[in-house]
Amino acid sequence: MTAAFVGIDLAAQARSTGVAVLSEDGERVRVELAMLGAEDEDLLEVLDGAGKVGVDVPVGWPRSFVELLAAHAGGTLPAPASTGGAWRRGLAMRATDLVVHESTGLTPLSVATDRIAHPALRWAGIEARLREQGGDASRDGSGLICEVYPAAALRLWDLPHRGYKGIKNAAARDVLLTALDRALPWLDWNGHRTLCAAQDDALDAVLAALLAREVHAGRAVAPPARLGELARQEGWIWLPRSGSVPRAPGSSAG
């Protein structure tokens, strides 16, 4: 095994948290692990020794939202001219969320105002433990961790990206898996395809690991310099460069 890539589809509860590990050699990318039911300790263990880790969860909050909470708690919040929708939207979305919307037409869930905050809070605790253990948990993706968004990546790869989540959408997952088999003939499911067909959390974990591989290979979009400071605080969703699906082992990074 020459490289190991980890994908985590993080849920608030361990039972719905998907984890995948991919290995790569000169010819194949192999799914070494795909599972559901990962506790924090399991996640920290699988991170140890990984080449790159893709996490499908917001790794930070909007700076403006954090500043509002601090000012509100301290009773120093300046009165806004209006508390209408535009003001609230400016607090709810991170810079990277807006870039994803501009690039793909998809809008990530707001970590400030949506239930996605629950798994994000869980990640904040895991990040703290990872830092405590000496790991590099930089939120901008420059270290071990990179934030990913599987649905947006699938859209950019021109693969099915909607309606594949949930027990009732097994047929849509089969369509997606068939499309992945055609697009990535070098991907060896290694017996884990059945679980991914049955559980979207496991499938998203494999996709997150594939995205970690793309980031590692330099085939994903880094934060621009003008957003670098914000990305280090808020996080950055690494989108694949549009126009091509992940490349086979041995292909150049360009």
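Scanning the stretch 152-167 for residues that are surrounded by fewer than 17 Cβ atoms within 10 Å (Cβ to Cβ) and among the small types (G, A, S) yields G163, G166. Looking across the stretch 129-158 at every residue that is more than 17 Å from the chain's Cα centre (by Cα) and part of a loop (DSSP other than H, G, I, E, B), the one that is farthest from A11 (Cα to Cα) is identified as D158. The residues on offer are A179, A170, and the sole one that is open to solvent by 30 Å² or more (accessible area, probe 1.4 Å) and either in a helix (DSSP H, G or I) or closer than 22 Å to L98 by Cα (or both) is A170. Restricted to the stretch 7-61, and to residues there that are acidic (D, E) and in a loop (DSSP other than H, G, I, E, B), the residue that is most open to solvent (accessible area, probe 1.4 Å) is E27.
Listed here are the residues, each with its yes/no results for (1) open to solvent by less than 20 Å² (accessible area, probe 1.4 Å); (2) in contact with a strand residue (DSSP E or B) (Cβ under 7 Å, 6 or more places away or on another chain); (3) within 16 Å of D56 (Cα to Cα); (4) not in a helix (DSSP H, G or I).
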residue	(1), (2), (3), (4)
S82	no, no, no, yes
W87	no, no, no, no
L98	no, no, no, no
S103	no, no, no, no
V111	yes, no, yes, yes
A124	no, no, yes, no
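Of all residues in the stretch 206-221, those satisfying the criterion of being open to solvent by less than 50 Å² (accessible area, probe 1.4 Å) and outside any helix (DSSP H, G or I) are A217, G218, R219, A220. Looking across the stretch 6-49 at every residue that is within 21 Å of S251 (Cα to Cα) and among the small types (G, A, S), the one that is modelled with the highest pLDDT is identified as S23.
Condition check ((1) touching a residue at least 12 places away in the same chain (Cβ under 8 Å); (2) more than 27 Å from the chain's Cα centre (by Cα)) across all residues:
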position	(1), (2)
V53	yes, no
V57	yes, no
P62	yes, no
L69	no, no
A73	no, yes
A81	no, yes
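Being β-branched (V, I, T) and in contact with a strand residue (DSSP E or B) (Cβ under 6 Å, 6 or more places away or on another chain), is that true of even one residue in the stretch 176-194?
No; the residues of the stretch 176-194 include none that is β-branched (V, I, T) and in contact with a strand residue (DSSP E or B) (Cβ under 6 Å, 6 or more places away or on another chain).
For the stretch 196-205, a residue qualifies if it is open to solvent by 50 Å² or more (accessible area, probe 1.4 Å) and in contact (Cβ under 8 Å) with a residue 60 or more places away in the chain, and exactly one does: Q199.
Note on the stretch 182-195: residues that are part of a loop (DSSP other than H, G, I, E, B) and buried (at least 17 other Cβ atoms within 10 Å of the Cβ) total 3. Inspection of the stretch 231-252 identifies at least one residue that is over 24 Å from R30 (Cβ atoms), among the polar types (S, T, N, Q), in contact (Cβ under 8 Å) with a residue 60 or more places away in the chain and open to solvent by 30 Å² or more (accessible area, probe 1.4 Å).
The values are calculated or read from the model by the stated rules, or taken from the named source; none is laboratory data. Treat the numbers as computed from the prediction; the structure is a model and nothing was measured. Note: ideal-geometry Cβ built from the backbone for every residue, glycine included; neighbour counts use all protein chains shown. To get the accessible areas, we keep the full protein, side chains included, count just its heavy atoms, and leave off ligands, DNA and RNA. Shrake-Rupley method; radii C 1.70, N 1.55, O 1.52, S 1.80 Å.
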